[in-house]
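Here's the structure we're looking at; comments come further down.
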Amino acid sequence: MRLVTLGVGAADSPRYAPAGRLVARRGVRVMLDGGRVPRLPGGWMPGWERPIRFAGGVGGHLHVPAVAEAAHRHRVGRLVFAHIGRPTIRAIDRGEQPMFAQFARDGQMVRVTGRR
């Protein structure tokens, strides 16, 4: 199976194309769209070290370091972050890198196999 990042940025990213993935296997291709960024409550903006909470407290996203730590703990073979927002861009610019992970690039192809 191949995964291609058509873009890795949040909807309003100043650096990356909007997130989208193309999944291809055995002649079948499916396009997945990251969608628009949900409205965040009361001007509260998540940071590199904080999770994102959606308005009304319904769902959200874990922060990059927590996801990397959980992936490492569960023996994930390779972790690629493919949706990059402004807090993560600022962390990248400061030279920060999560342990056991990499950031995807616009147009990058990742081959997924069942082997470790």
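Quick notes
- Amide H contacts of GLY9 (H built 1.01 Å from N, under 5 Å, at least 5 apart or other chain): ALA17, ALA19, ILE84
- 3J(HN,Hα) along region 78-86: 8, 10, 10, 7, 10, 9, 10, x, 4 Hz, from the Karplus curve 6.51 cos²θ - 1.76 cosθ + 1.60 with θ = phi - 60°, whole Hz, x for Gly and Pro.
Only the coordinates and a few stated rules stand behind these numbers; no lab work does. Note that the coordinates shown come from a computational prediction; the quantities given were computed from them, not determined experimentally.
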